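A.B. asks: Would you mind keeping the following structure in view while I ask a few things?
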Amino acid sequence: MSGYTANQATTAQDASGIDINARAVNYTCGDCDGDVQLKRGEPIRCRNCGHRVLYKKRTNRMVQFEAR
Amino acid sequence: MVGKKEPPKPKPKAAPRGAKAKAATAATTKSGPSGYDAEAVAQKDGKRALAEDVVGAIPTAADDGAHTSAADKARRHKAPLNSSANEFAAMLEPFYYGKHLTDPINTAEDKWNLLPAFLKTKGLVKQHVDSYNHFVDVELKKMLKANRYVRSDTDPKFLLEYTDIRVLQPNRAEEDDLPEGHRSSVTPNECRLRDMTYAAPILVDIIYTRGGQKIQKRGVKIGRMPIMLKSNKCVLSGRNDREMAVMDECPLDPGGYFITRGQEKVILVQEQLNKNRIIVESAKGLMQASVTSSTHERRTKTYVIQKKGLIYLRHNTLSEEVPIVFVLKALGVHSDKEIMLLVAGDDSAYQENFQVNFDACAREGIHTQERALEYIGHRIKLMKKPGGMRMRNYHLEAIENLSNVILPHVPVAGTNFRPKAIYVALMARKVIMAHLDSKLVDDRDYVGNKRLELSGQMLALLFEDHFKRFNHDFKLSIDKVLKKQNRAQEFDALAHFGVHKNYITMGLERAIATGNWSLKRFKMERAGVTHVLSRLSFIAALGMMTRISSQFEKTRKVSGPRALQPSQFGMLCTSDTPEGEACGLVKNLALMTHVTTEDDEGPVHKMIFLLGAEDICSLTGEEIHREGVYAVCLNGTPVAATNTPKRFLNSFRRLRRMGRISEFTSIHINHDFHEVQIATDEGRICRPMIVVENGRSKVTARYLKALRKGTMEFEDFLTRGLVEYLDTNEENDTNIALTETEIGLYTTHLEIEPFTILGAVAGLIPYPHHNQSPRNTYQCAMGKQAIGAIAYNQFMRLDTLLYLMVYPQQPMVKTRTIELTKYDKLPAGQNATVAVMSYSGYDIEDALVLNKASCDRGFGRCQVLKKHVTALKSYANGTQDIINAAAVESGPEFGSIGPDGIAHVGARITQNDHFLMKQIPEDTINNRVGIKHKTQSVKHKLEDCSFVDKVCVTENEAGVNLIKILFRQTRRPELGDKFSSRHGQKGVCGLISPQEDMPFNDQGICPDIIMNPHGFPSRMTVGKMMELLSGKAGVLRGTLEYGTAFGGSKVVDMAQVLVEKGFSYTGKDYLTSGITGEALQFYVFFGPIYYQKLKHMVQDKMHSRARGPRAILTRQPTEGRARSGGLRLGEMERDCLIAYGASQLLLERLMLSSDAHEVDICEGCGQMGSSGQCRICDNDKGVRKLTVPYAAKLLIQELGAMNVKVTIGLEDEFERGYE
Ligand SMILES: [Zn+2]
């Protein structure tokens, strides 16, 4: 039922290299709605307004619902 | 005033309140030019013309203007601000509902408009907010004054003095060091999301000595005070709806709670027996008068008891009971005659009864004050003092004890013991009076003898305790420094000041977060003072704010405290109480009740003497108790006497109505004890009432018009003496008319609106006055479980568990309370078309048949939001929990993890899917480099799938990163889901029937729900039938009907509407069977009823297991669905099997299917061996295998561990040689 396939996420980087693939992820600020790029270990804070509540963006994968 | 000039204007025919409102709405809603509508408009016009004649006779606004004060003008200036372009402002206006500015005014009907005006200025939870404001603004400063000096034991020159204390606006903890002018942008919702405490800094101004000079320091922080939402310190106070929306806050939220560590906490209202009042009761056959004195310094209880005709004073500090005569002598009443007169007056019966007490004087030879003091001094229990061996000064000890320890609330100024002597004599007098007339014994359950302790008082207790401790700690630390003679640098006490700052902050926060109030000073240890605010539904949250918990133990079997007291009328809700053990002990406030805050005694004290009462200390006993003389008691303590009590009372009331005394001061006459009681203390329950003078209500159409226009507010009604607050005691001393027509010669007050005897939760019920009372109580419990809208900001919240209805509707049949509580804006239910008939046999025992097509269209559909929080902890060795996306493995259960190691928002998570790749360090103790992390990813446990609704990453005040993931499930009704109407009629869904099979009427309307008619006869919920009738009429003519308690749309009118629309006046319809296509042989009661979906859903409860996990210790199956546990065969079930004799079944259930265990028992010693060997006998000769429950084996071993030997005796099942 789910829209995604499993192998998509597992691009097989082995668990040893922790910091190497710390990719930046986009979050949305809870106050100003601006984009916040966050790498791992960075303080959770909006660069624009200093707000400390960030939300993860909705996936761009397809999501399939069961209509009931 | 002008009001008196008005002619009485009898209304020819009092039209039903609902009817007019309806007509008005009917005119505005364009429901088509049907015959009825035209008629309604005509009817309404006629009514208006009639009423306008009445209005015309009233003095015009110009006349009115002359009497308005400057304050009124200022208010008028303010008024347009409220009604500005803000689209929501209309809702806040008291005349929003169903009335227009031009509509005629009828005092008999429209006086209820005072209620929305009252709620507008005060809000629904005014008790909490007022109490908190009083604490922060007044009580805090008083407390500082009482503890203003800190001195050092070692350096007599050192002095620190507090000059002022204040609480600033709330801010974040990290902003605490910014200058005072800084305005923080913190909002309550940020505190919820970030698990912070919503608090503000507490600042003090101090003067202290440094070196030789005095240093003044302003704005020194001593801690942080949790801020109550919507209190005057809160950022939400005075904001309009738009500003609230900007702050992500719901404008309909009542406030009145705290946010500590991200949790919403309510300090429940506590019910207690009143303080500083004499309570006469007969305990174990003894008559006793007791007083619980409560001052800032001390809390103690003093008794005056009568034993075998003799009266004694009993107190904790006295080793034995002291004869009352000695006490009075010690208090400076010299002659026996004066004692006699002070206690008994000139009443011969009382004198006779008291006479025997003087025998003790002769027996002990105590005739002077000196001797009496010595006698008492000898009986004072020794306090633990190290140097207690030296000679005690009994004399001084007795004086000290009498002035400060016994009855400390009665002031002793200098050596004037007269007030205390009078007080003790009064207690003795009351004992004698109650002894001779048992009617005079006080009722502890009487609401007038109760006080409510609110959040402000609870916090005041807590804060004072922590503040004293703070000062103490501060003193200790400066003492340590000052002790050293040669100091290198000049000593600055301020450096020591900041060190203990955290103490107050943490103390307050911890108490509110855990609910444990422990005060060392008063030896008070109370748990469960605060509760998490229930956000199951809007009404649940509201109901929690009005809840009163009592201090009674729940186990006691007495019915008194649980029973409904007549004095609860209008003060406490008559319906809203839980069922079961807390029944009647947990109560709820009614809609209009207010709980008083403390007022200053001083001005009232002065006023008493200004009104001509004489100081009681200057009177002799004879004068005090003379016929016709009434003692004037201020907060229970006699201060004056008057021989014209009625006149005194009337002039006092007049002064109060003029606003010269606080409106919350109460006065009443107690004719039994010849007392005029005046109360200014806190925690009294009171409610507003319209003043009636000379047989006429003081609230006239003119004032109501001004109220409607917005030129007058509720406060103006109070200041003008049109409305006043009455507490329970004063209420008992008045004649209150329920309606304007009932006003008679002796009427003093007029009820504002009768439906206010119910609270906010019971107010949801339509036509509650037609229901059997337990049904209303059931609905009060169920209304709080209904799924609906929580708040306008419900999607911005991250609650642990949230139930939301997808398509909530406001009820067809509303009540005034619904409008006032804004339940129609945040409803929890849907208007279902109900057919009351039998169908299919799946509707027995209250089960409901649901229409499948209705469910498809969204009936009863709800969302369940569950939160998962992970805090990334830091450890002592510098390591930290991390989220590592690289730790994902291949496989579908890792499919939804995103590049940051957290599941995608919107991803579908099924059982055992991973949604958070958390890793924890392998070593959290040793400090070394290269510590590896081990994966501890979090999996979805539930069987049913959820969607990731929201992922929030944030940081709390301590700097710990939090990851909050919200999961969403959308559920449609299924077999076994629980529904209920608003009349305590609950039922589960028994069948979801296809629409084709369901009956339909001649318009093709098909029911959403089929309810079995057997639900009605025994439950007698006539209100439900009336709701159906009114709802049906409302649907047909396009109006919302009212089912307000003691009012609402009339059945006759509704039947009339039905007939006009071509329906039967009975509400019964002709239906056709959907299965056979034939006409049903009977007419069916058919129409809309508001149905609530309750939070109990099968999906959360459904559980079965064949085999499963076992508990480690006992090896028995686990318990509960969450641990996929077994189904318990309990004691009672066991009893059944025993009685039946099913021994093999018993054996199977209790052992074989549970924790059967094979043990080796030695025949010789009766002990358990292992692997076929007996350790004690050291052989395997008599070792036998035996199957026993593992729990039994465990018990034997545990007993062995406690030095109890258990021997198992083995016997042959069949006699030897039987073969
Ligand atoms: Zn921002």
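The values are calculated or read from the model by the stated rules, or taken from the named source; none is laboratory data. In this text the structure is predicted, and so the values were computed from the model without any measurement. Cβ placement follows ideal geometry from the backbone for every residue including glycine, while neighbour counts extend to all protein chains displayed.
A.B. asks: Looking at B:Glu190, is it in contact with a strand residue (DSSP E or B) (Cβ under 8 Å, 6 or more places away or on another chain) and not in a helix (DSSP H, G or I)?
C.D. replies: Against the criterion (in contact with a strand residue (DSSP E or B) (Cβ under 8 Å, 6 or more places away or on another chain) and not in a helix (DSSP H, G or I)), B:Glu190 does not qualify.
A.B. asks: In addition: Considering the range B:119-136 alone, what residues qualify as being farther than 16 Å from B:Ile685 by Cα and surrounded by 15 or more Cβ atoms within 10 Å (Cβ to Cβ)?
C.D. replies: Those that are farther than 16 Å from B:Ile685 by Cα and surrounded by 15 or more Cβ atoms within 10 Å (Cβ to Cβ): B:Leu119, B:Lys120, B:Gly123, B:Tyr132, B:Asn133, B:His134, B:Phe135, B:Val136.
A.B. asks: When residues of the range B:1147-1173 are filtered for being of a type in the set (A, V, I, L, M, F, W, C), over 16 Å from B:Gly1126 (Cβ atoms) and not in a strand (DSSP E or B), how many remain?
C.D. replies: 2
A.B. asks: For the range B:551-592, enumerate the residues that are among the aromatic types (Phe, Trp, Tyr) and either assigned to a strand (DSSP E or B) or at pLDDT 90 or above (or both).
C.D. replies: B:Phe569
A.B. asks: I'd like to verify a number: residues in the range B:1177-1195 that are hydrophobic (A, V, I, L, M, F, W, C) and out of contact with any strand residue (DSSP E or B) (no Cβ under 7 Å at 6 or more places or on another chain), how many?
C.D. replies: 4
A.B. asks: Something else about it: Is it true that some residue in the range B:1097-1104 is surrounded by 18 or more Cβ atoms within 10 Å (Cβ to Cβ), modelled with pLDDT under 95 and part of a loop (DSSP other than H, G, I, E, B)? First the steps, then the outcome.
C.D. replies: Keep residues of the range B:1097-1104 that are surrounded by 18 or more Cβ atoms within 10 Å (Cβ to Cβ), which gives B:1097.
Next, only the ones that are modelled with pLDDT under 95 stay: B:1097.
Now narrow it down to the ones that are part of a loop (DSSP other than H, G, I, E, B): B:1097.
Checked against the condition, which is being surrounded by 18 or more Cβ atoms within 10 Å (Cβ to Cβ), modelled with pLDDT under 95 and part of a loop (DSSP other than H, G, I, E, B), the range B:1097-1104 yields at least one hit.
A.B. asks: Say we look at the range B:565-576 and pick out the residues that are surrounded by fewer than 24 Cβ atoms within 10 Å (Cβ to Cβ) and touching a residue at least 40 places away in the same chain (Cβ under 8 Å); which of these is farthest from B:Pro688 (Cα to Cα)?
C.D. replies: Among them, the one singled out is B:Gln565.
A.B. asks: Applying the selection to the range A:47-68, what residues are away from the ligand (no atom under 16 Å from the Cβ) and either charged (D, E, K, R) or without any contact (Cβ under 8 Å) to a residue 24 or more places away in the chain (or both)?
C.D. replies: Residues of the range A:47-68 away from the ligand (no atom under 16 Å from the Cβ): A:58-68.
Matches in the range A:47-68: A:Arg58, A:Thr59, A:Asn60, A:Arg61, A:Phe65, A:Glu66, A:Ala67, A:Arg68.
A.B. asks: Right, something else. Go through the range A:44-68 and give me each residue that's farther than 18 Å from B:Arg968 by Cα, at the interface with another protein chain (Cβ under 7 Å from one of its Cβ atoms) and not basic (Lys, Arg).
C.D. replies: Answer for the range A:44-68, where residues must be farther than 18 Å from B:Arg968 by Cα, at the interface with another protein chain (Cβ under 7 Å from one of its Cβ atoms) and not basic (Lys, Arg): A:Ile44, A:Val53, A:Leu54.
A.B. asks: Please indicate, with yes or no, whether at least one residue in the range B:188-200 is touching a Pro at 6+ places or on another chain (Cβ under 7 Å), modelled with pLDDT under 90 and buried (at least 18 other Cβ atoms within 10 Å of the Cβ).
C.D. replies: no
Let's see how each residue does on (1) modelled with pLDDT under 85; (2) not in a loop (DSSP other than H, G, I, E, B):
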site	(1), (2)
B:Asn877	yes, no
B:Ala886	yes, yes
B:Pro899	no, no
B:Gln911	no, no
B:Phe915	no, yes
B:Thr924	yes, no
B:Arg928	yes, no
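A.B. asks: Of everything in the range B:958-973, what is more than 10 Å from chain A (Cβ to nearest Cβ) and in a loop (DSSP other than H, G, I, E, B)? Give them in sequence order.
C.D. replies: Of everything in the range B:958-973, those that are more than 10 Å from chain A (Cβ to nearest Cβ) and in a loop (DSSP other than H, G, I, E, B) turn out to be B:Ala958, B:Val960, B:Pro973.
A.B. asks: Let me ask you something else. Search the range B:881-910 for residues that are facing chain A (nearest Cβ under 7 Å) and pair each with any residue that is among the aromatic types (Phe, Trp, Tyr) when their beta-carbon atoms are under 6 Å apart and the residues are at least 6 apart or on different chains.
C.D. replies: The qualifying pairs are B:Val888/B:Phe894; B:Gly895/A:Tyr4; B:Arg908/B:Phe947.
A.B. asks: Next question, about the same structure. Please state which one of B:His435, B:His466 is in contact (Cβ under 8 Å) with a residue 24 or more places away in the chain, part of a helix (DSSP H, G or I), within 38 Å of the chain's Cα centre (by Cα) and surrounded by fewer than 23 Cβ atoms within 10 Å (Cβ to Cβ).
C.D. replies: B:His466
A.B. asks: Right, next: Can you report the number of residues in the range B:1174-1206 which are charged (D, E, K, R), surrounded by 13 or more Cβ atoms within 10 Å (Cβ to Cβ) and in a helix (DSSP H, G or I)?
C.D. replies: Of the residues in that region, 1 qualify.
A.B. asks: Take A:Ile44 and decide whether it is more than 10 Å from the ligand (Cβ to nearest atom), assigned to a loop (DSSP other than H, G, I, E, B), modelled with pLDDT under 90 and in contact with a Leu (Cβ under 9 Å, 6 or more places away or on another chain).
C.D. replies: Numbers: more than 10 Å from the ligand (Cβ to nearest atom): yes; assigned to a loop (DSSP other than H, G, I, E, B): yes; modelled with pLDDT under 90: yes; in contact with a Leu (Cβ under 9 Å, 6 or more places away or on another chain): yes.
So A:Ile44 passes the test.
A.B. asks: What strands (runs of 3 or more DSSP E) completely inside the range B:511-550 contain at least 2 residues that are more than 10 Å from the chain's Cα centre (by Cα)?
C.D. replies: The strands (runs of 3 or more DSSP E) meeting that bar are B:517-519, B:524-526.
A.B. asks: If you take the residues of the range A:20-41 that are within 16 Å of the ligand (Cβ to nearest atom) and in a loop (DSSP other than H, G, I, E, B), which of them is farthest from the other protein chains (Cβ to nearest Cβ)?
C.D. replies: Result: A:Gly34.
A.B. asks: If you take the residues in the range B:1079-1114 that are among the hydroxyl-bearing types (Ser, Thr, Tyr) and touching a residue at least 40 places away in the same chain (Cβ under 8 Å), which one is nearest to B:Glu974 (Cα to Cα)?
C.D. replies: Among residues in the range B:1079-1114 that are among the hydroxyl-bearing types (Ser, Thr, Tyr) and touching a residue at least 40 places away in the same chain (Cβ under 8 Å), the one nearest to B:Glu974 (Cα to Cα) is B:Tyr1091.
A.B. asks: Being at positive phi, surrounded by fewer than 16 Cβ atoms within 10 Å (Cβ to Cβ) and out of contact with any Phe, Trp or Tyr (no Cβ under 9 Å at 6 or more places or on another chain) is true for just one of B:Gly1120, B:Gly1130. Which residue is that?
C.D. replies: Of B:Gly1120, B:Gly1130, the one residue that is at positive phi, surrounded by fewer than 16 Cβ atoms within 10 Å (Cβ to Cβ) and out of contact with any Phe, Trp or Tyr (no Cβ under 9 Å at 6 or more places or on another chain) is B:Gly1120.
A.B. asks: Filtering the range B:940-957 down to residues that are free of Cβ contacts under 8 Å to residues at least 60 places away in the same chain and in contact with a strand residue (DSSP E or B) (Cβ under 9 Å, 6 or more places away or on another chain), which residue is nearest to B:Met796 (Cα to Cα)?
C.D. replies: B:Val951
A.B. asks: Only one of B:Lys950, B:Lys941, B:Lys934 is surrounded by fewer than 22 Cβ atoms within 10 Å (Cβ to Cβ), modelled with pLDDT under 90 and in a strand (DSSP E or B). Can you tell me which? Before the answer, list the steps.
C.D. replies: Numbers: B:Lys950 fails: modelled with pLDDT under 90; B:Lys941 fails: in a strand (DSSP E or B).
Testing whether each residue is surrounded by fewer than 22 Cβ atoms within 10 Å (Cβ to Cβ), modelled with pLDDT under 90 and in a strand (DSSP E or B) leaves just B:Lys934.
A.B. asks: Sticking with this structure for a sec: Find the residue count for the range B:784-793, including only residues that are farther than 25 Å from B:Glu579 by Cα and touching a Lys or Arg at 6+ places or on another chain (Cβ under 9 Å). Full working, then the answer.
C.D. replies: Here is the first cut: in the range B:784-793, the ones farther than 25 Å from B:Glu579 by Cα are B:789, B:791-793.
Of the ones still in play, those that are also touching a Lys or Arg at 6+ places or on another chain (Cβ under 9 Å) are B:789, B:791-792.
Selection size over the range B:784-793: 3.
A.B. asks: What number goes with the only condition from (1) in a strand (DSSP E or B); (2) within 14 Å of B:Ile376 (Cβ to Cβ) that B:Ile311 does not pass?
C.D. replies: The failed condition is (2).
A.B. asks: Mind counting the residues in the range B:683-705 that are at pLDDT below 90, crowded, with 19+ Cβ neighbours inside 10 Å and not aromatic (Phe, Trp, Tyr)?
C.D. replies: Of the residues in the range B:683-705, 8 are at pLDDT below 90, crowded, with 19+ Cβ neighbours inside 10 Å and not aromatic (Phe, Trp, Tyr).
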